[in-house]
Each structure stands twice: as structure tokens, then as C-alpha cells.
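Visitor: Please see the structure below; I have some questions.
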There are 2 protein chains.
Amino acid sequence: MSEQWNKGRLATAAVVLPEGTTPTGTQGRVLHAALGLFAERGFHGTSIREIGAAAGINSATLYGYYSSKELVLAELVLVGHRELHRRLLDAVDGLTDPVEKLTALVRTHVFAHTDFSLLAVVTNSELHVLSAELAAPALALRAASEQLLLDVLADGVFDVPDARLAARAIGGMGQRVGNWFGPGQDHTREQVADAFVLFALRLAGVRA
Amino acid sequence: MSEQWNKGRLATAAVVLPEGTTPTGTQGRVLHAALGLFAERGFHGTSIREIGAAAGINSATLYGYYSSKELVLAELVLVGHRELHRRLLDAVDGLTDPVEKLTALVRTHVFAHTDFSLLAVVTNSELHVLSAELAAPALALRAASEQLLLDVLADGVFDVPDARLAARAIGGMGQRVGNWFGPGQDHTREQVADAFVLFALRLAGVRA
DNA sequence: GTCTATACGACGATAGAC
DNA sequence: GTCTATCGTCGTATAGAC
């Protein structure tokens, strides 16, 4: 499912959620509506009435699916973190060579941020709104994803002054992709991924 | 001026603004209060009453200094962009060697994000709230700062597949520093800057 | 400059009919 | 499942006294 949207803190991008693992029907429309609005205006900048209108239902009907606005955000944030973590796990599954692993992780990270840029923005920039209890599952997934990169970088094959700083640098450059990648921009997702893989390998001291 | 603060989307950091170029007295307290609250809860998550309380004045008194909440944010966003741009200009002033220029830019960029992490976070993540008119001056400064990096990277000495993608990558890794750097973390600002300079040089194809 | 008091619209959420 | 109607609260901003 997709829809064009006009944003503000990000490039124009389609409102897309991972398929198969997210609700369909009215509940799915609610999630998509909330995703677009949260990405554009932020959680506190979006009202329950606006979400309802964008989903084609009355705001009161929303409460049949989610008992608070915060729970809508919690679901989006969890979906985003789950999708990224699942993809990263799949990407390194079966690989043994550290360079191949780093390549796969960066490539996958970039694609997650190009293919689901709105979800990435919401997931990264609105998580802080959630209560500690609601944020916890997402934070655990985030820590696990970071550890995946950290383990690869600490493998010994690479030449970095500090694996944690290298992980922060690589993670940061990938995370920002969600803020600028979009249709009105002249690089393909593959070009970005290829370039960022090269950057990450060089950054980690791999000589081509 | 500084004060401890407890956040959520960023590490614990002091509420600091550049000195000399920002208001003092009550107006200064308003700006500092707003900076801490906007960083922690976001613009829409912060009320005029909370800003007043944190500044030690009644919310109505605020309107003697700023005629709307949006104008408070606009000033912070402008201060942040102005400070970064000024520092970047100073950093490369007089330099001719491209490698030295890139080194100075990255180092300065990192320091701006370690020394004014709250301002960096607000500046980068709440700018989208402003109307086009109020955002314009900050966006112009941002474009100028990006161009500074782009010009250096396009100098010919470096080996990158695409200077714009390299600039995005370097900018992204630096920008994220504001979200995790803080007192409760075991790297000094110099360690971060040294590491990120090395990363940026390698990324740009400079062999050490 | 700073306060108290207040206007008034928008907010999240609920009750109850269909 | 979805609606209309509404509750109580909190939002930004202003008026006017001191």
C-alpha cells in the first residue's frame, strides 16, 4: 500500500509499511494515516481527528483499534525496529567473511531507510515520546541491531581506533538517509547503497 | 550559562547557548528554558506555561519578549545555524590544502555537536515546525554550510564516487553526534573529533 | 516588566445510539 | 464497527492592573 505525501522534515516519499506483518483493512489505514502525519508533523503536532480523517473514519472509531494515540505510535515504532532487525539478521545469515558481513549490514541498513523512509523517520525521531514501558521493546531491538554491527567491526579484520565510534559513524550516516532520500532526488537506492558500502568499508580500514 | 537536564531522545547534556551572540537576562533565561524543553519534549510537546515556569516567569510575561511560541523556536534554530556556519567559515579561513580543509570542517562540525548538543538536536529536528518564512534564513545558512563541504570534496584531490553522497555521509555521521554525546559516555570530545576526522578522510579516499 | 485573570478554540478520550 | 454528541482539560494568546 502506498500514497503520495508532502512532508517538511523529509523528502517527498510514499507512505509504506512492511507487508505481511502489519494490519490490513481499517486498522491498516489508520496505521498508514498516522505514519504519514507523524512523519510530517510529529506525534504532538498530529491530532486524533486528523488521523481519523486521513484514514476515512471518525476519530471516535479509532479507539476501537487503539485505546490511545500513544499506542498507535508505539505500534509504528515497534514495526519499524522489528523490520530493520529482521532484515539485518537475514542479511548476515550464513555469511562468515567479516567484509562480506559489513557490506551486507550497510547495504541492508541503507535499503531499509530508502524503502521505508517515513517509517524510519518516525521510528527514530518520535520514539522519545513513548513512555519507558512502551519504548522498551523497540529499544531492545535497537540495541540488538547495534550489537550486530559492533560484533562485526570488532572482528579483528578491520582497522579502527574504536569500534563503538566506528559503529556510531556508520550507523549515523545510514540513519540520515531517511531524511533526504526520495523520488525528487537523483540517486537510485542502489547508488546510495553502493556508495555507502564503499564509505563504510574505507572508514573501517579496508583497502580496496 | 548552563544547567543539567534530563532528556529522552538524547544523552544528558548541559543547556548551553553560544555566548556573546545570544540575549542575556530574562530573555536569555527564556531561550535556555525553551532550548531544554524543546530538546526533551519537542516544540509541540512543550507549552508556553512550561517555558515560563522553567524561566522563572509567568507565561504571559513571555509575550513581552517573543510574540509567539514559534518565534522562540525560530530564534533558537537561527542561532544554531548561524553558530555552526560561522565556526565552519573560521575553521577553513586561510587554509589552502584540501585535506587540511576537510580535517578542519569535520573537526569543527563534531565540536559544534558535542559542545552544543541540545541546540544541535533542536535545530535539526524541530526546524520542520517553522513556517516557510521563518525557516528560510536557517535553511540558507544550512545550504551554505553544506556547500562549504561540497566544494572541498569536489576539489579533485579526493577519490569519491559522488561528492554529494560523500557530503551526505560525512554530514550525517557528524549530525548524529548531538544525539548520543554527553557526560555519561566515555569518549572525550577530542577523541570523537579525531576518530571522525580519520573516518572522513578515509571515506574520501585519503590514504594515511 | 511582571503579574492575575480570562477568552476561547482544540485537544484526547468516553458514552451511548444505531 | 461506526457514528454523533459531549466531557473535562489544556493549549495559545490577550487585557488590564500594579
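The values are calculated or read from the model by the stated rules, or taken from the named source; none is laboratory data. Quantities reported herein were computed from a predicted structural model and do not represent experimental measurements. With ideal geometry, Cβ positions are generated from the backbone for all residues, glycine too; neighbour counts draw on all protein chains shown. For accessibility, only protein heavy atoms count, side chains too; no ligands or nucleic acids. Shrake-Rupley method; radii C 1.70, N 1.55, O 1.52, S 1.80 Å.
Visitor: Which of the residues that make up segment A:174-199 are touching a helix residue (DSSP H, G or I) at 6+ places or on another chain (Cβ under 7 Å) and either closer than 19 Å to A:VAL122 by Cβ or more than 7 Å from chain B (Cβ to nearest Cβ) (or both)?
Guide: Selection gives A:GLY174, A:GLN175, A:ARG176, A:VAL177, A:GLY178, A:ASN179, A:TRP180, A:PHE181, A:GLY182, A:ARG189, A:ALA193, A:VAL197.
Visitor: Residues that are within 16 Å of DNA strand D (Cβ to nearest atom) and of a type in the set (Val, Ile, Thr): find the helices (runs of 4 or more DSSP H) completely inside segment B:1-120 holding 1 or more of those.
Guide: B:25-41, B:48-55, B:59-62, B:69-92
Visitor: Is it the case that segment A:157-178 has a residue that's modelled with pLDDT of 95 or more and over 21 Å from B:ALA195 (Cα atoms)?
Guide: yes
Visitor: Does segment B:147-158 include one or more residues that are under 26 Å from A:GLY178 (Cβ atoms), in contact with a Lys or Arg (Cβ under 8 Å, 6 or more places away or on another chain) and not aliphatic (A, V, I, L, M)?
Guide: So far as segment B:147-158 goes, no, none of its residues is under 26 Å from A:GLY178 (Cβ atoms), in contact with a Lys or Arg (Cβ under 8 Å, 6 or more places away or on another chain) and not aliphatic (A, V, I, L, M).
Visitor: While we're looking at this one, here's another question. If I ask for residues that are surrounded by 24 or more Cβ atoms within 10 Å (Cβ to Cβ) and either within 13 Å of DNA strand C (Cβ to nearest atom) or farther than 27 Å from A:GLY184 by Cα (or both), which ones from segment A:11-36 would you list?
Guide: A:VAL30, A:ALA34, listed by residue number.
Visitor: Name the residues in segment B:153-186 that are without any contact (Cβ under 8 Å) to a residue 24 or more places away in the chain, part of a helix (DSSP H, G or I) and within 16 Å of B:LYS101 (Cα to Cα), would you?
Guide: Answer for segment B:153-186, where residues must be without any contact (Cβ under 8 Å) to a residue 24 or more places away in the chain, part of a helix (DSSP H, G or I) and within 16 Å of B:LYS101 (Cα to Cα): B:ALA163, B:ALA167.
Visitor: If you check B:ALA34 against the conditions, is it at pLDDT 95 or above and over 25 Å from B:PRO137 (Cα atoms)?
Guide: no
Visitor: Would you pick out the residues in segment A:121-131 that are hydrophobic (A, V, I, L, M, F, W, C) and either free of Cβ contacts under 8 Å to residues at least 12 places away in the same chain or in a helix (DSSP H, G or I) (or both)?
Guide: Residues satisfying the conditions are A:VAL121, A:VAL122, A:LEU127, A:VAL129.
Visitor: Residues of segment B:72-109 being open to solvent by 60 Å² or more (accessible area, probe 1.4 Å) and either touching a Leu at 6+ places or on another chain (Cβ under 8 Å) or of a type in the set (Lys, Arg) (or both), which ones?
Guide: Once the filter is applied, which keeps residues that are open to solvent by 60 Å² or more (accessible area, probe 1.4 Å) and either touching a Leu at 6+ places or on another chain (Cβ under 8 Å) or of a type in the set (Lys, Arg) (or both), segment B:72-109 yields B:ARG82, B:ARG86, B:ARG87, B:LEU89, B:ARG107.
Visitor: Sticking with this structure for a sec: So B:SER47 passes all but one of these: (1) small (Gly, Ala, Ser); (2) within 14 Å of another protein chain (Cβ to nearest Cβ); (3) touching a Lys or Arg at 6+ places or on another chain (Cβ under 8 Å); (4) surrounded by fewer than 15 Cβ atoms within 10 Å (Cβ to Cβ). Which condition number does it fail?
Guide: (3)
Visitor: Among all residue pairs at least 6 apart or on different chains, which show Cβ distances below 8 Å where the first residue, located in segment B:68-79, is away from chain A (no Cβ under 14 Å) and the second is near DNA strand D (Cβ under 9 Å from one of its atoms)?
Guide: These pairs meet every condition: B:VAL72/B:ILE51; B:VAL72/B:LEU62; B:VAL72/B:TYR66; B:GLU75/B:TYR66.
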